[in-house]
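Trainee: Have a look at this one before I ask anything.
The values are calculated or read from the model by the stated rules, or taken from the named source; none is laboratory data. Keep in mind the model is a prediction, meaning the values are calculated, not measured. Don't worry about glycine lacking a Cβ; one is built from the backbone with ideal geometry, like all the others, and counts go over all protein chains shown. To get the accessible areas, we keep the full protein, side chains included, count just its heavy atoms, and leave off ligands, DNA and RNA. Shrake-Rupley method; radii C 1.70, N 1.55, O 1.52, S 1.80 Å.
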Number of protein chains: 4
Amino acid sequence: MKLTKKRIAEIVFDHNDWASRTFDVVLLVLIFGSVIVATLDSVAELRSRFGTTFYILEVVFTVLFTIEYVLRVWLTGKTLRYVTSFYGIVDLLAILPFYLSFFVADVQLLTVVRALRLLRVVRILKLGRYLSEADFISQSLKASMAKIQIFLFTVLTVVLIMGTLMYLVEGPSSGFTSIPRGMYWAIVTLTTVGFGDITPSTPLGQFIASLIMLLGYAIIAVPTGIVSSEMAKRRNPHDLINTKTCHSCGAEGLGVDDKFCKKCGGEL
Amino acid sequence: MKLTKKRIAEIVFDHNDWASRTFDVVLLVLIFGSVIVATLDSVAELRSRFGTTFYILEVVFTVLFTIEYVLRVWLTGKTLRYVTSFYGIVDLLAILPFYLSFFVADVQLLTVVRALRLLRVVRILKLGRYLSEADFISQSLKASMAKIQIFLFTVLTVVLIMGTLMYLVEGPSSGFTSIPRGMYWAIVTLTTVGFGDITPSTPLGQFIASLIMLLGYAIIAVPTGIVSSEMAKRRNPHDLINTKTCHSCGAEGLGVDDKFCKKCGGEL
Amino acid sequence: MKLTKKRIAEIVFDHNDWASRTFDVVLLVLIFGSVIVATLDSVAELRSRFGTTFYILEVVFTVLFTIEYVLRVWLTGKTLRYVTSFYGIVDLLAILPFYLSFFVADVQLLTVVRALRLLRVVRILKLGRYLSEADFISQSLKASMAKIQIFLFTVLTVVLIMGTLMYLVEGPSSGFTSIPRGMYWAIVTLTTVGFGDITPSTPLGQFIASLIMLLGYAIIAVPTGIVSSEMAKRRNPHDLINTKTCHSCGAEGLGVDDKFCKKCGGEL
Amino acid sequence: MKLTKKRIAEIVFDHNDWASRTFDVVLLVLIFGSVIVATLDSVAELRSRFGTTFYILEVVFTVLFTIEYVLRVWLTGKTLRYVTSFYGIVDLLAILPFYLSFFVADVQLLTVVRALRLLRVVRILKLGRYLSEADFISQSLKASMAKIQIFLFTVLTVVLIMGTLMYLVEGPSSGFTSIPRGMYWAIVTLTTVGFGDITPSTPLGQFIASLIMLLGYAIIAVPTGIVSSEMAKRRNPHDLINTKTCHSCGAEGLGVDDKFCKKCGGEL
């Protein structure tokens, strides 16, 4: 089989035969590999020992990703549309930092961009069996969005008022040096994270803190309730595939294993 | 179009044409602006650098809010009802602190009141597409209120008994200097906030603490379960698309499967 | 109206006329008062200032509770049954500590028992409108009990294995001085309390800790899911009162405000 | 009744008469006893006082478990299948550490393996009334697995990006010495554990941390929602009372409203 442009496009974009699947797996390994190298490179002692290895690997990864990017730009019909699409920008951001590092002094800022490479995994996963499930979650969240926005606005109002109150009650001696810090503490407390870097020390402050915590206990139920009820209402993607319809009486939602319609007794 | 009293009332109270919508947006910007200024003003280093700017901005905000308040009082038919209403008081509290600061020495206490300005945003949001969603949440919470009250009372009983127990078991050396402090610790632990400012150090104390945490793990499910089941039961505002309207009496929100109007008995 | 034995029993046990309701309210005030006094008495600085007042109040509370206890024993037909019942023991424990304090040296241990007085509030609340709601919660929890027991056993197995692992990986230098302490840390982490009194410091320990936290994130969903689904299944006490049944076709679950049956159109 | 091989097999494998039930209870006591001894043995002060007793108990436990293991190997028909099965390996791991400790120097590593003995309890519990309930939970989790995998992958992407961001913003001075440590902090924060061993100290870092916490607040709803809706959909083992059984083919668990058996088509 010759490597015609059509054949290469199949390997890069499709997921049907062993060649295109091998391409996907190699890409997955490269993406995870490059992210792991970027992560380990930030550990000072590993960098001092394996710094050169890491740099060589980064060069290899970037060259391979560049080849892949050029291939995609060449193979895509509507090039401009790909380049300006979400995945096009993510693909570009995966290789840009390395080339920019020759011109820009502050290399560190480019490290975050390298972490974005992980987003590229989504494209490959999207085409597997996970698609319908991910769709289920994101649709449930989208449907809940308006309610969650209101909820977050309410939380922020509580955070502002409580942060201001604690700033006045506790003051700088307990670490509440400003209203923004008080709000930071209120968020830490209301979300039940509770770092403990700033804590109330006066009895009144501890009393108000107790109220905030009990409030947080009650309102943590709200987003969970919103998403739960939305998901319960929504039909599970699995269930859509897994039901039969009776050809005799038209009853829907019958189990895949059922041999007879439970409504009319007709054979399925 | 002349600025008659009727026209001004339309701009202030309604949300239909571009003039009234501009009024809403300007008000939103002013409210958020004033809250942000009040917040930043509490940061010591920002205050020392931009203190004068912050003060001038605060004067501008207060003058504009005062004009708005006077407008509302003048435009409302039932003035007394507005002034004593929830929104009337919130509107007054938005401007009062500034004027009071000339007479009262302790200006700090007025800062909290300025944070209350954020509550004014609710009025504007109430009239958008968020109304039905916010209604859904608040109705679900109201219906769950009796259950949540019982739940909180149970939690407080557990907190009192556990707080007393830890005060006796751990004692002042671990920070449990009194029963109220023990109760504060029990709330911090039971709500899974876990600051770590007070922690048990004896084996027995750590054992009791473990029991409290596992208990908290089990009972955190209760408020979530209450709100979730309440929301699942309740009709989602979105679902209103899937309802029928009676052509005889115009009753809305009827079930798709209903054959007769439940209000007038007319066939659907 | 004479204070016959029957009349006194009505006042003490019933909740129908103003006399018995006043008795309930006075009892509520006494119970909360005695608990608050016991709590404040544990604060060292308050004790040194108001110690004598607290003691006199405690004497008054105990005398009144003793009179009440004697009344209940006298009024109840089946005295032995009352004395050995849950409420009988709670009532006795409310007064016993004070009398024991004359004979027992270690008065502190009796303080916990005083906190148990709060349990007496339950009896009074039980007879109000909260009964059906509390019943709903406790029935949901009872039905979920077998599942929650399995869940807690699974959690404890995870805690034991993770606690042992962390004890070996981190060792005493990070505070993991023994397996029980490792288990205490695992519970603190798995329940997302996270005090921070013991934290992993080695990279391997932090990696294992991350796995435990992600595990905890996933399994916190289990008890909530159990209780939520149990509550969603169960009929809400409110709903039981608030439905009508059609007398024409026998359709159930109709809204209280409905005037016509939505199934057959018959007038309700 | 003679102790024939068949009789011993009944006692070891079945749970029907008093002899086999006594065997189960004794085994339960031995398992819990051995785990508790291993746990207490790790506490330095207990080891120095009761070290010899602990060692003797460990010898006794191991001898008894060895006898049990030999019995199982002897009694099982398909020996190889048992030895290589999950329970076979767990049974072997329960006794192996002790014998290995004579050859291996690092005894400590064997302690974790001793903790695995707790897994043996599962076999005994499996045959009680908990079976259907545990089945319900594990089936709900299995059905949610694909969704939870996607969710965990999303969480890990967020963790990587946030960990990198905080490493750049906060730097080593606040404890963010590398990206892996930043990711550890992000997991600690996102799961609302919040140890407080690493906390942001710059205003920008605290602002980003606040965003992560609010995000964690919103997405903690997702796994709970997934499991809740899965459990609500699934038939509760308790509900099996409300099912019909087909008299033709004996199929169980048919819906109360079903008119025909879905397995054989027979009228119900």
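Trainee: Set Lys and Arg Cβ to +1 and Asp and Glu Cβ to -1, take the dipole of the range C:5-126 about its Cα centre, and tell me which of C:T62, C:A94, C:L80 lies farthest positive.
Mentor: It is C:L80.
Trainee: In Å², and per residue, what accessible area does the range C:5-126 have when probed at 1.4 Å with the other protein chains present? Spell out each step's value before the answer.
Mentor: On the way: 6890 Å² over 122 residues.
Averaged over the residues of the range C:5-126, the accessible area is 56 Å².
Trainee: Give me the accessible area of C:E170, 1.4 Å probe, in Å² rounded to the nearest 10.
Mentor: Answer for C:E170: close to 10 Å² accessible.
Trainee: Measuring nothing but label to label, 7 Å from Cα along Cα→Cβ, what are C:I67's distances to the other copies in nm, shortest first?
Mentor: 6.8, 6.8, 9.6
Trainee: Between A:T79 and B:F50, take the C-beta separation as r, use R0 = 45 Å, and let me know the FRET efficiency to the nearest 0.05.
Mentor: Numbers: r = 49 Å, r/R0 = 1.09.
According to the calculation, E is roughly 0.35.
Trainee: Determine the per residue accessible area of the range A:140-214 with all protein chains present and a 1.4 angstrom probe, expressed in square angstrom.
Mentor: Working: 2300 Å² over 75 residues.
I get 31 Å² per residue for this part.
Trainee: Is the shape of the range A:5-126 best called rounded, prolate or oblate, per the rule: a/c under 1.5 gives rounded, else a/b larger than b/c gives prolate, else oblate, with a ≥ b ≥ c the square roots of the Cα gyration tensor eigenvalues?
Mentor: Values: a/c = 2.34, a/b = 1.65, b/c = 1.42.
Note, shape of the range A:5-126 comes out prolate.
Trainee: Starting at the first residue of the range C:114-121, write each ³J(HN,Hα) from the Karplus equation 6.51 cos²θ - 1.76 cosθ + 1.60 with θ = phi - 60°, in whole Hz, x for Gly and Pro.
Mentor: These are the phi-based 3J(HN,Hα) values: 4, 5, 5, 3, 4, 4, 5, 4 Hz.
Trainee: For B:F86, place a label point 7 Å from Cα along the Cα-to-Cβ direction in every copy; what are the distances to the other copies, in nm, shortest first?
Mentor: Computed spacing set for this position: 3.8, 3.8, 5.3 nm.
Trainee: What accessible area, in Å² to the nearest ten, does a 1.4 Å probe give for B:D41?
Mentor: 20 Å²
Trainee: Whole-Hz Karplus ³J(HN,Hα) for the range C:82-90, in order, using 6.51 cos²θ - 1.76 cosθ + 1.60 and θ = phi - 60°, x for Gly and Pro?
Mentor: 5, 4, 8, 6, 4, 5, x, 5, 4
Trainee: To continue, here is another question. Amide H of D:T199: which non-local residues (sequence gap of 5 or more, or other chain) have their own amide H closer than 5 Å, using H built in the peptide plane?
Mentor: Placed amide hydrogens put nothing under 5 Å from D:T199.
Trainee: Oh, and also: To the nearest 0.05, how large is the calculated FRET efficiency for C:F13 and C:K233 if R₀ is 41 Å and r is the Cβ-Cβ distance?
Mentor: Given R0 = 41 Å and the Cβ-Cβ separation, E is 0.70.
Trainee: Along Cα→Cβ at 7 Å, what distances in nm separate the A:S48 label point from those on the other copies, shortest first?
Mentor: For A:S48, the other copies' label points sit at 3.8, 3.8, 5.3 nm, shortest first.
Trainee: Using protein heavy atoms only (no ligands, DNA or RNA), what is the total accessible area buried between C and B, 1.4 Å probe, nearest 100 Å²?
Mentor: Working: alone 17460 and 17440 Å², together 30220 Å².
Summing both chains' loss of accessible area gives about 4700 Å².
Trainee: Given D:M145, D:L204, D:I179, which one lies farthest toward the positive end of the charge dipole of the range D:129-235, if we put +1 on the Cβ of every Lys and Arg and -1 on the Cβ of every Asp and Glu?
Mentor: Sorting the options by dipole projection puts first D:M145.
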